[in-house]
1. Taking Asp305, is it surrounded by fewer than 20 Cβ atoms within 10 Å (Cβ to Cβ), among the charged types (D, E, K, R) and not assigned by TED's automatic domain parsing to the domain that holds Asp366?
2. Being assigned to a strand (DSSP E or B), polar (S, T, N, Q) and in contact with a strand residue (DSSP E or B) (Cβ under 6 Å, 6 or more places away or on another chain) is the filter here; which residues of the range 249-299 pass it?
3. Would you check which residues across the range 227-248 are outside any strand (DSSP E or B) and of a type in the set (S, T, N, Q) and list them?
4. Hey, could you check the range 161-199 for residues that are over 13 Å from the mean Cα position of the chain (by Cα), at pLDDT 75 or above and in a loop (DSSP other than H, G, I, E, B) and say which is surrounded by the most Cβ atoms within 10 Å (Cβ to Cβ)?
5. Residue by residue through the range 371-388, note down the ones that are surrounded by fewer than 17 Cβ atoms within 10 Å (Cβ to Cβ) and among the aliphatic types (A, V, I, L, M).
6. Would it be correct to say that Glu260 is farther than 19 Å from Arg349 by Cα and surrounded by 15 or more Cβ atoms within 10 Å (Cβ to Cβ)?
7. Please determine whether any residue of the range 326-337 is at positive phi and aromatic (Phe, Trp, Tyr).
8. Go through the residues of the range 294-304 one by one and say whether even a single one is within 30 Å of Leu195 (Cβ to Cβ) and in contact with a helix residue (DSSP H, G or I) (Cβ under 8 Å, 6 or more places away or on another chain).
Amino acid sequence: MTRDTLCRSGTALRRAALACALAIGLAPSTARACKPFLSTYEHVPRPSWEPGAGLELVDEALDLDCERAGYRLTRCTWRARHSYAGQAGTPASGSMEFETSEAIASLRVAVNGVEVPTTIDGLRDRRGAAATVDEDGYILPDRVALSADDAGRVEVEVTLVLDLERYRGGHCTTPAGVARHPFASPHYTSIDFDLEPEHLRADPVETPIAPGASAEVQVRAPFVHFPRLRLRDHQSLRSRGRHHLRRRLPADSLRSVSVEHRRWSHGPVAAGGVGFGPQIRPRLRAGYELAGPYLTVASAAVEGDAIEELLVVPALEVASPDSPYFIPSVSLGVGAPVLVLPEPRPGVRALWSARWSILGLVGSVDIYPARGGEARTLRGALLLELTL
């Protein structure tokens, strides 16, 4: 009997499903997050204080700095300073919650300059026993306890470092263009820092924001990314032409801070194989691709048989996402081959492909309509293609 069969059996279906997920190294929240890899959400809510001390948020500074740290890694450092004012001489107690994330490299929390203990192991381990799961299979957040002797003035500083890889657990598919070109366009991670993730709080205690309280926000994004601030009124501030954004906003208007990729991947292609008609000859292909964020892939290539034929082929494809489970990304497309040698002649192409990341099997059929004294010509090719 297989492990999947064992997981499906049993009377306690919910517990069995949870045990099965843990057995194969996939936490339940990761299974729910199975989606195309386009973005990552990190939850960094403001501190939550007990109401007895009368604390109110009076000012805050938020800084997000993302940079490349290798061809597959993006490192983001989140620095937040939250300033509160309350009843002088009264002690204050509260907490902060961070969602369990394997991307967390380090976390530092300090209250009035005094560092607070955190459980980094629990924060990093999304799949192992350190992650706390409730009866419904949801991973519970890690709570960091906060305290201050005098609520007259309380300042909480948070420094959170995330190491984000292009291919991360929890995403069952990757857009075809991103999978095809991991070397030329490796950094397409988006990160969204959500300030008020209400779903994290089992017993939310909202700390008031004082009238006139403001937030100084600064975002620095790496190449091919742009900063974005999401506001409560469903509006957003972007800086598409620049990699740096700095604004001072009312604290109660800000919802999240983001660094977003442009979602266009690109890179070179090279292929070799066999061409059919009127003779069977070797076929070579070299070109460049530009892929959109979801399904579309545009390309321009030069092909030939290295003997007498040379043609230029622009093409457009619709491609399914790439899967880590050896399921190929399949594409269908059309092109407009233009025969340059031995004499100019336009045609129409139908093409298909099956790809496993950077390696693919590509087939095509070209039809050159009859014109003048030339009969209609049908040609085909079967190529093994490499994308970079």
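The values are calculated or read from the model by the stated rules, or taken from the named source; none is laboratory data. Only a predicted model underlies this, so the values are computations on that prediction, with no experimental measurement involved. Here Cβ is always computed from backbone atoms with ideal geometry, including for glycine, and neighbour counts include all displayed protein chains.
1. Working: surrounded by fewer than 20 Cβ atoms within 10 Å (Cβ to Cβ): yes; among the charged types (D, E, K, R): yes; not assigned by TED's automatic domain parsing to the domain that holds Asp366: no.
It is false that Asp305 is surrounded by fewer than 20 Cβ atoms within 10 Å (Cβ to Cβ), among the charged types (D, E, K, R) and not assigned by TED's automatic domain parsing to the domain that holds Asp366.
2. If we filter the range 249-299 for residues that are assigned to a strand (DSSP E or B), which is where we start, we get 249-250, 254-261, 265-276, 281-291, 296-299.
Adding the requirement that they be polar (S, T, N, Q) leaves 256, 258, 265, 296, 299.
Matches in the range 249-299: Ser256, Ser258, Ser265, Ser299.
3. If we filter the range 227-248 for residues that are outside any strand (DSSP E or B), which is where we start, we get 232-235, 239-243.
Of everything in the range 227-248, those that are outside any strand (DSSP E or B) and of a type in the set (S, T, N, Q) turn out to be Gln235, Ser239.
4. Looking at the filtered set, the residue picked out is His181.
5. Residues satisfying the conditions are Ala375, Leu378, Leu382, Leu384, Leu386, Leu388.
6. Values: farther than 19 Å from Arg349 by Cα: yes; surrounded by 15 or more Cβ atoms within 10 Å (Cβ to Cβ): yes.
So Glu260 passes the test.
7. Taking the range 326-337 as the starting set, the residues that turn out to be at positive phi are 326.
Those left that are additionally aromatic (Phe, Trp, Tyr): 326.
Looking for residues that are at positive phi and aromatic (Phe, Trp, Tyr), one finds at least one in the range 326-337, hence yes.
8. Looking only at the range 294-304, we keep the residues that are within 30 Å of Leu195 (Cβ to Cβ), and these are 294.
Narrowing the set further to residues that are in contact with a helix residue (DSSP H, G or I) (Cβ under 8 Å, 6 or more places away or on another chain) leaves none.
No; the residues of the range 294-304 include none that is within 30 Å of Leu195 (Cβ to Cβ) and in contact with a helix residue (DSSP H, G or I) (Cβ under 8 Å, 6 or more places away or on another chain).
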